[in-house]
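*Asks:* Questions regarding the structure given below will be posed in turn.
The values are calculated or read from the model by the stated rules, or taken from the named source; none is laboratory data. Every value quoted in this text rests on a predicted model; they were computed, and no experiment measured them. Positions of Cβ are backbone-derived with ideal geometry, glycine not excepted, and every protein chain shown enters the neighbour counts.
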């Protein structure tokens, strides 16, 4: 990283802070960042495109590789915080935002959570790697204490529709707690693409066996 900074004149956030050049970086708009990198305290900056706020930490983080630009507020604005945006060679893909409905591929299922890679935000594919976490309380809206994560999701080529909210620096939170959200495509243990038969089951067309899932009611 030091070599790239010497060649380009770009600053990393850490070096900008340590060298006291943050104000210079704000003006020059040459701040190299990577996903999950801290961009500033929420009392000083607002999250724009390519950045997100982790409210429980009151901190703004980058969600893309690229350059952070700090946009000053209008002079007559009551909120005088800069807005930080991240753009770069991969920044033209879709970026997850709070409230977005995403398509995600389940990668791991545990007793209280499931992990998923976000593939699309709305109809647009992502170009960066974004990770989502589905917590037990976010699987469905009723009888939350009875949710079985292993009956709701399985990692074998399982794709789901979920609503996104802010998580932490490592992952977004995903929710399937609506009828239209949940598994939209899944592979059976026999290797076939299953067909939904109810809100809680999908059927293998090869064997006729049913498997439990939290199924999305698509087209309702």
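*Asks:* Within the stretch 165-183, work out how many residues are modelled with pLDDT under 90 and either closer than 18 Å to residue 108 by Cβ or assigned to a loop (DSSP other than H, G, I, E, B) (or both).
*Replies:* Within the stretch 165-183, residues that are modelled with pLDDT under 90 and either closer than 18 Å to residue 108 by Cβ or assigned to a loop (DSSP other than H, G, I, E, B) (or both) number 7.
*Asks:* Turning to a different aspect of this structure: Condition (residue is within 23 Å of residue 126 (Cβ to Cβ), at pLDDT below 75 and surrounded by fewer than 17 Cβ atoms within 10 Å (Cβ to Cβ)) applied to the stretch 3-25: is it met by at least one residue?
*Replies:* no
*Asks:* Starting from residues that are out of contact with any helix residue (DSSP H, G or I) (no Cβ under 9 Å at 6 or more places or on another chain) and surrounded by 18 or more Cβ atoms within 10 Å (Cβ to Cβ), keep the ones in the stretch 106-119 and report whichever is nearest to residue 96 (Cα to Cα).
*Replies:* 118
*Asks:* In the stretch 184-197, what residues are closer than 16 Å to residue 139 by Cα and part of a loop (DSSP other than H, G, I, E, B)?
*Replies:* Within the stretch 184-197, none qualify.
*Asks:* Being part of a loop (DSSP other than H, G, I, E, B) and either more than 18 Å from residue 164 (Cα to Cα) or touching a strand residue (DSSP E or B) at 6+ places or on another chain (Cβ under 8 Å) (or both) is the filter here, so list the residues in the stretch 33-56 that pass it.
*Replies:* Matches in the stretch 33-56: 34, 35, 36, 37, 42, 43, 44, 48, 49, 50.
*Asks:* Next question, about the same structure. Just to verify a result, which residue in the stretch 71-84, among those that are in a loop (DSSP other than H, G, I, E, B) and touching a strand residue (DSSP E or B) at 6+ places or on another chain (Cβ under 9 Å), is surrounded by the most Cβ atoms within 10 Å (Cβ to Cβ)?
*Replies:* 81
Here's the yes/no breakdown for (1) within 28 Å of residue 40 (Cβ to Cβ); (2) free of Cβ contacts under 8 Å to residues at least 12 places away in the same chain; (3) assigned to a strand (DSSP E or B):
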residue	(1), (2), (3)
69	yes, no, yes
86	yes, no, yes
103	no, no, yes
107	no, no, yes
111	no, no, no
118	yes, no, yes
134	no, no, yes
161	no, no, yes
